[in-house]
Amino acid sequence: MSLAWPAIKELLMLREKLNQLFDEVLVDRTLGVGAPSSGPYCPTADLFETDDEVIIILEIPGVYSETIDLQLHGNKLRVAGEIVRAGGTQGGQFVRMERPAGVFYRDFELPVDRFSGSPMAELERGVLTVRLPKASELRRQRVTIVEEG
C-alpha cells in the first residue's frame, strides 16, 4: 500500500514542527545555545568564549554576505539573512526541493554584555565566524606570583 503525496507532505510538515518544538524546549532552554530561527532555516551554531572574546560560528550555506545582517544589543546578538535558491527551475518544474530558501534569523544570548573594539565577521565556504572582543575590564588576566628570596 502506498501513501498518497498529500499524506507524505503532511507527515513531513509534522516532522518539521516537532523538530522546531524540540529546538525551542530542549536545546534552547537546556543548553542556552540560542533561540531557534524564524523561517525555513535554523542555522546550526557553536558559541564559545576565550579570555579576550566571544566567538559564534554558524553554518549558513547558500547565503551571500550582502544578505547577512548582524545586530548586537548588550548581550544579545541577532544574525539574520536570506538563502537564495540557486539556479531556480530553469524553465522546468521542481521534482524535489529539500534545501531551504528564504529569510531567517537566529538570536543568541551572550555570556557577557560589554564589548570593545570592532566586532568582526568572516564568511568562508558557508561558515560565518563572528568575533566579539570583550571590554578590557571583562578580560581575564593572568596574575604573576613573585617569590621573595
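The table that follows gives values for the structure above.
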item: Selected residue (only one of F104, F108, F48 is within 18 Å of the chain's Cα centre (by Cα), of a type in the set (F, W, Y), modelled with pLDDT under 90 and not in a loop (DSSP other than H, G, I, E, B)); result: F104
item: Residue match in the stretch 86-101 (condition: basic (K, R) and closer than 18 Å to Y41 by Cβ); result: yes
item: Matching option when the condition is out of contact with any Pro (no Cβ under 7 Å at 6 or more places or on another chain), at pLDDT 90 or above and more than 27 Å from L21 (Cα to Cα), among R125, R78, R140; result: R125
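The values are calculated or read from the model by the stated rules, or taken from the named source; none is laboratory data. Keep in mind the model is a prediction, meaning the values are calculated, not measured. Positions of Cβ are backbone-derived with ideal geometry, glycine not excepted, and every protein chain shown enters the neighbour counts.
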